[in-house]
Amino acid sequence: EFLNRIDDVIVFHQLTEDEIIEIVDLMVASLEKRLEEQDMAIELTPAAKALLAHRGYDSALGARPLRRTLQRDIEDPLAEKLLFGDLKPGSIVLVDVATGDGEEPFEFTAMPKAELPDVPPIEAAGAGDADVTA
């Protein structure tokens with residue numbers, strides 16, 4: 001009876017590298033929201049995104065391991081750097097591929113957030129003290 005209930009076959013194709021990088025972007029966006037609470041931001045270089053996508057993809061499992069890879073390679077070291085004071089609130093963290101032969105695959109660089117210039121708001125046209133007579 002079970003076989004009679006099956007009426008369609010769904011074929012899943014392997015994800016492309018661009019699709020995996022899009023998934024990385026979505027996961028990093030949720031991390032960005034959490035960092036906003038600390039008055040921080042994070043940016044990954046294209047090379048860092050590509051390495052993260054490569055390390056978090058498995059041909060048999062697809063992108064399922066990506067969440068754990070992001071946590072192990074980005075979130076955990078980021079949390080340690082915050083705890084030890086290497087990164088401070090009010091900064092942007094740039095994540096790039098590590099150039100050395102160390103065990104950490106990524107390097108984190110803190111940059112101060114750019115201050116927005118103090119610009120007065122633009123007034124709407126005709127909102128001034130002009131005297132309009134008909």
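Data for the structure
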{"read-out": "Placed amide H near ILE42: partners under 5 Å, 5+ positions off or other chain", "value": "VAL93"}
{"read-out": "For THR99, THR69, order by how many other beta-carbon atoms lie within 10 Å, fewest first", "value": "THR99, THR69"}
{"read-out": "Gain in span if fully extended, GLU37 to ARG5, counting 0.36 nm per residue against the direct Cα distance", "value": "6.6 nm"}
{"read-out": "GluC sites (Glu not before Pro) restricted to the stretch 33-69 and DSSP loop, no more than 10 other C-beta within 10 Å", "value": "GLU37"}
{"read-out": "Sorted by Cβ density within 10 Å, fewest first, the residues SER91, SER30, SER59", "value": "SER59, SER30, SER91"}
{"read-out": "Ascending count of other beta-carbon atoms within 10 Å, so fewest first, for VAL24, VAL93, VAL9", "value": "VAL9, VAL93, VAL24"}
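Only the coordinates and a few stated rules stand behind these numbers; no lab work does. Computed from a predicted model, the values in this text were never measured in an experiment. Every residue, glycine among them, receives a Cβ derived from its backbone with ideal geometry; neighbour counts consider all protein chains shown.
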